[in-house]
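Chemist: Structure incoming, see below.
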Amino acid sequence: MHLADHPARRRLSAALDDLAVTFRGMTAQPDENNCECHWGSAQELSLLKTPDVELEPDLLRRTWTAIDWTDHGAVLRRILPQFAPVLVAGGADPLFGLEEAGYSFARGRWQQWPDDQAASVREFLHAWWEHSLTDPDAVVPAHQVFAMCAEASGSVGPWLAAWEKQTGRLSDRRLAEAAAEWEYELLGDSLPWSVGWYEHDEEAMRTDLVAWLLGHAAVRLHESGAPADLQHRIRLLGLTGEARWTDPHWPGHRY
């Protein structure tokens, strides 16, 4: 298969096109305001109230990371046709991790938007997630896309369910890479990314992720020949307290 014919790439391209159509002409609210000292100038603010004008990269970053918009949803709708391709291309430049982009989606309450708008965002997230698991040329690591999608939606469930359906070798490799990224924090009983939206249940997400790793993922890691030490670290998630850190395969993590 030629990469140009990759089905996940076609799906993602169609999702980005749909975002561009769905959110064409959107603007921030006419009375939207922000601090010139901390966000930007009046001239820059006026661009958010002008439809379909591309923002320069630093202004785009300042816009999606700002937490004090009066109507964050309207601002997010304004920038989505530009913001989504930037995310896919790995150009979002978050300060800490890509979950910060998920916070921006959560603040915008996109799941409460009109049906066509919410469906467009949902398809973009799912298309990008599938792409990250199955396209060898995906720019953003799958574990980062996962954190972003989890924070955008407030749940790990839909993304884990989609991962179960992607059973190819590349998706298995992405699983091993993600498990290797996550095991340190999870063995310290923490979620491997920061939950930035007050309505999200961090402990529920951690519990669901651990249960999935101990069940479905553990079998896949074994069957796909993941390193033995990684398999042991995932196994240790099923132990607690002294039983975990006195196990012969405890990696010696210090917290």
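We did not get these values from a lab; they are worked out from the coordinates using the rules stated. Here the structure is a predicted model, which means the values were calculated and not measured. Every residue, glycine as well, gets a Cβ built from its backbone with ideal geometry; the counts of neighbours run over all protein chains shown.
Chemist: Would you mind classifying the stretch 158-207 by shape? Square roots of the alpha carbon gyration tensor eigenvalues, ordered a ≥ b ≥ c; an a/c under 1.5 is rounded, otherwise it is prolate if a/b is larger than b/c and oblate if not.
Modeler: oblate
Chemist: Okay, next question. Principal axis extents for the stretch 121-255, Cα atoms only, whole Å, descending order, please.
Modeler: Principal axes ranked by extent give 45, 37, 22 Å for the Cα atoms.
Chemist: Sum up the charges of everything whose Cβ sits under 14 Å from the Cβ of D52, counting Lys and Arg as +1 and Asp and Glu as -1, but leave D52 out.
Modeler: That sum, taken over residues with Cβ under 14 Å, equals +3.
Chemist: Would you list the P(r) distribution for the stretch 72-185, with all Cα-Cα distances sorted into 5 Å bins from 0 and each bin expressed as a whole %?
Modeler: 2, 11, 23, 26, 20, 11, 6, 2, 0
Chemist: In addition: Fully extended, how many nm does the chain gain between S194 and A211 (0.36 nm per residue separation, minus their Cα-Cα distance)?
Modeler: Extending this stretch completely gives an extra 4.2 nm.
Chemist: Another question about this same structure. For the ranges 208-219, 126-137, what's the packing order if you count other beta-carbon atoms within 10 Å of each residue, average per peptide, and put the highest first?
Modeler: The peptides rank, most packed first, as 126-137, 208-219.
Chemist: Could you grab the relative contact order for the stretch 3-121? Cα pairs under 8 Å, six or more apart, rounded to a whole percent.
Modeler: After rounding, I find 31 percent.
Chemist: I need two numbers for the chain: Rg to one decimal and Dmax as a whole number, Cα atoms only, in Å.
Modeler: Considering the chain through its Cα atoms, Rg and Dmax are 19.8, 63 Å.
Chemist: Now for a separate question. Between the stretch 186-202 and the stretch 1-68, how far is it from one alpha carbon centroid to the other, in angstrom?
Modeler: 27 Å
Chemist: Moving on to the next point. Compute the Kirkwood hydrodynamic radius of the stretch 11-145, taking the inverse of the mean of 1/r over all pairs of distinct Cα atoms, and give it in Å to one decimal.
Modeler: 15.2 Å
Chemist: Give me the log10 of I(q) over I(0) for the stretch 195-255 at q = 0.16, 0.20 Å⁻¹, as the Debye formula computes it from C-alpha points; what are the numbers?
Modeler: Reported log10 I(q)/I(0), two decimals: -0.62, -0.86.
Chemist: Along each of the three principal axes of the Cα atoms of the stretch 52-109, give the extent in whole Å, ordering the values from largest to smallest.
Modeler: Principal-axis extents of the Cα atoms in the stretch 52-109, largest first: 27, 27, 16 Å.
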